1. Limiting things to C-alpha atoms, what are the Rg and the maximum Cα-Cα separation (Dmax) for region 244-374, in angstroms?
2. log₁₀ I(q)/I(0) of region 33-88 at q = 0.13, 0.14, 0.23 Å⁻¹, via Debye over equal Cα point scatterers, no solvent, to two decimals?
3. Compare the peptides 148-154, 25-31, 91-97 by average per-residue count of other Cβ atoms within 10 angstrom and give them in order, highest first.
4. By the scheme Lys and Arg +1, Asp and Glu -1, what is the net charge of all other residues having a beta-carbon under 11 Å from that of R97?
5. Leaving ligands, DNA and RNA out of it, report the carbon-plus-sulfur percent of the accessible area of region 9-242 at a 1.4 Å probe.
6. Answer with one residue from T48, C280, L120: the one whose Cα lies farthest towards the positive end of the charge dipole of the chain, charges on Cβ with Lys, Arg +1 and Asp, Glu -1.
7. Around I20, which amide H atoms from residues at least 5 apart in sequence, or from another chain, sit under 5 Å from its own amide H, with H modelled in the peptide plane?
8. If you look at just the Cα atoms of the chain, how large are its Rg and its Dmax in Å?
Amino acid sequence: MISQDHYPLARTRFTAGISIIVPTYREVENIPLLLARIDALRRDRDLTLEVLFMDDDSRDGSIEAVERSGFDWARIIVRQGPRGLSAAVIDGFRAARYPVLFCMDCDLSHPPERIPAMILALDAGQQMVIGSRYVPGGSTDDDWGFWRWINSRIATLLARPLTQVRDPMSGFFALRKADFDQARDLNPVGYKIALELIVKCGLENVGEVPIHFSDRVHGVSKLTFREQLKYIQHLRRLYLHRFANAMYMAQFLVVGASGVVVNLSVLSLLKWAGLPDMLCLAGGIAVSVITNFLLNRRFTFSYAKDRPILKQFAGFVGASAVGMAVNYGVALYLNAHVLGAGPLSLQFAALGGIVAGMLFNFLGSRYFVFHKRFVKR
Ligand SMILES: Nc1nc2c(ncn2[C@@H]2O[C@H](COP(=O)(O)OP(=O)(O)O)[C@@H](O)[C@H]2O)c(=O)[nH]1
Ligand SMILES: [Mg+2]
């Protein structure tokens, strides 16, 4: 946290200038108010800056409002096509001309007066700085009802495994353009662009500067219930991105467990039909390999389900061949030399074989058969 608000900015490296990106949708009343506050700050601190309003074709006089201001450092870019907050911010970051990027709401919830403190935190080495409601010194307007408060806290908690940041939902943040330019596969879905950037850019050094978050006075919030559902979807993607192997592994294990049931059922059936142990064990393995393949193709690695099935199956069998051999060998061995002739000894031998073969199968599937390289985007 940085508090020396009045450190002379002329002595920091960022005198090169900042680009403030403000996504807007029907904010005509707020535009002049925000510009007036930024202008006061600009003169007070002698800041070089530009303000870029990224408007989704509001047609409410926003363009005229920016023009009327007469500030040559303020522009409005009108986007056509589908409306989208994150997409607008990303476009704005790309169009920015200065090396430090800010994002803030137009509704005066975010105090521009905190910008200098955020610049200082970036200058002190942070990769991203968030204007935060939830660090000591931060606050929200008193009339936040219980539901709004609990809603915001739950949304924040759900993001906890992704980042230690206290307020990753904040729409007020700053980062360097150079870091933004490194971001790959940005998915401009939903509202939480800071969280998206933290996860996708792998930002670890994220600082928070306390802010007082004021309720909007003019216009209405565009954060609908539908946007909140989209947030859950967004989280699933970010979890997959961040914990890819753990997520794949979990699904792979569920499929594997179903394979164990299939294997033991087939084996018991064959045994009951009077076949020799060798064939019972082999039959159980063969059928469960097929069901495992089909389920992994459909669910675990569903991103590859449009590729030719026979080729994949050959790959799957090839990749699991060692695992299967291990499985079969261990099962035969346990059956012949360890478990004796108890009532369920064949089943236990099969189980031992399954466990032994599993590791090979997982590694082979994840890194060979269903490798992302084989998927057309
Ligand atoms: N360009 C663009 N801006 C949007 C869109 N939805 C919201 N905004 C702007 O994003 C900022 C945050 O939205 P707001 O409605 O205040 O959400 P809240 O603060 O969560 O209630 C405001 O400046 C909005 O005008 C959108 O679809 N496109
Ligand atoms: Mg707002």
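1. 15.0, 48
2. For region 33-88 at q = 0.13, 0.14, 0.23 Å⁻¹, log10 I(q)/I(0) is -0.37, -0.43, -0.93.
3. Numbers: 148-154: 12.3, 25-31: 21.1, 91-97: 17.1.
Taking the mean over residues of other Cβ atoms within 10 Å, the ranking is 25-31, 91-97, 148-154.
4. On the way: positive: R75, R94, K177; negative: E50.
In short, +2.
5. Working: 5500 of 10820 Å².
Carbon and sulfur atoms account for 51 percent of the accessible area of region 9-242.
6. In the chain, that residue is C280.
7. Result for I20 returns E50, V51, L52, F102.
8. When restricted to the Cα atoms of the chain, Rg and Dmax are 28.7, 93 Å.
The values are calculated or read from the model by the stated rules, or taken from the named source; none is laboratory data. Source: prediction; values computed, not measured. Using ideal geometry, Cβ is built from the backbone for each residue, glycine included, and neighbour counts are taken over all protein chains shown. Remember, those area values only see protein heavy atoms, side chains included, never the ligands or the DNA or RNA. Shrake-Rupley method; radii C 1.70, N 1.55, O 1.52, S 1.80 Å.
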